[in-house]
């Protein structure tokens, strides 16, 4: 593992401003993975902002709109596992570069789609890289950071998603204010090419974790199916259930949130303002949960935030609340669902051994994402028979119940040395 500065104890590190205690390799890895997840969030959340325009311009149904969201998430589950396998075989850093360029290019190309079918294919291809970026980046940061700081570091990387989401919200507000709708949605996708430049930074500054390089198991001898062995199957399945709950709930809410706010009669400017409150809560949730994961433990923090998301979503979307209450509840609506992700990367990193960590973490997280990807489509179809807010609540609440069950059936891993 990475060694502490001379004369410095883990207690002193934990008590101080933890980021200043990182060595050069840890800092570079933190910056690279944070930026990767921030730009991943930018590219993925663009779709939720252009969704109302696509429905209006292409006259697609809510069910088809849900399919566009689901296509990226379904293929991201495959991309995440494949990238995890590749990261175990070829190295974390090399595969991270590939996934960043991949999702950036296909987000950009989505801006040229002429119809539903073309965008469906491009969204699916974008999802392959999106899923791979998290799987590899999470393993990389988890292995590079010492145990007592791992939860905070991995959770801080997760907070980058909220920054990317905020950039998408600002671009949405600006582009749709000055450009005609038929052009503004395309420009939103075109800015998705920006993350490709990050691959240059990763290539120059981010190094393979020492524990990966020291791994005594030769790459050629690794059994990619080991995560399904009798000794690891239980961990793989329950970790997948945790990921399913967190992501099913998150995507059921946020894929449809701009449309839900539009349906309340809010303008583009007001929708952007309301979403920025949600995003501010999201950023705070990531950081608070990251710190609690190191202090309370992975399990207690995950259960706390899943329960908070359960309650918040229920009240936000099931009851007829006014605009002021909608604005105020936006903060916890961002805080709890987003905070549910912060401990997950460190938790999964500690559950799987080094030889199959990329494969195990990639499979569990992305199987959860693949099944959770069905939730936006189901919300779209059920919203034909019930109010959109009620459909969101039904699937989000069910998802967070599943997450809590999965967490309770796994062991606590706080302060674990990686094997």
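The values are calculated or read from the model by the stated rules, or taken from the named source; none is laboratory data. Values in this document were obtained by computation on a predicted structure and should not be read as measured data. Neighbour counts run over all protein chains shown; Cβ positions are idealised from the backbone, glycine included.
Within the stretch 221-332, which helices (runs of 4 or more DSSP H) (wholly inside it) include 2 or more residues that are at pLDDT 80 or above and buried (at least 20 other Cβ atoms within 10 Å of the Cβ)?
Passing ranges, in order: 233-254, 268-295, 298-318.
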Any idea which of 281, 358, 362, 297 is in contact (Cβ under 8 Å) with a residue 24 or more places away in the chain and over 18 Å from the mean Cα position of the chain (by Cα)? 297
So, in the stretch 371-396, of the ones that are crowded, with 24+ Cβ neighbours inside 10 Å and within 15 Å of the chain's Cα centre (by Cα), which residue ends up modelled with the lowest pLDDT? 373
Among residues of the stretch 42-98, those that are crowded, with 24+ Cβ neighbours inside 10 Å and more than 21 Å from residue 372 (Cβ to Cβ), counted: 6
Does residue 36 satisfy the condition of being under 30 Å from residue 208 (Cβ atoms), within 14 Å of the chain's Cα centre (by Cα), crowded, with 18+ Cβ neighbours inside 10 Å and at pLDDT 85 or above? yes
Selected residue (only one of 401, 410 is surrounded by 19 or more Cβ atoms within 10 Å (Cβ to Cβ) and modelled with pLDDT of 85 or more): 410
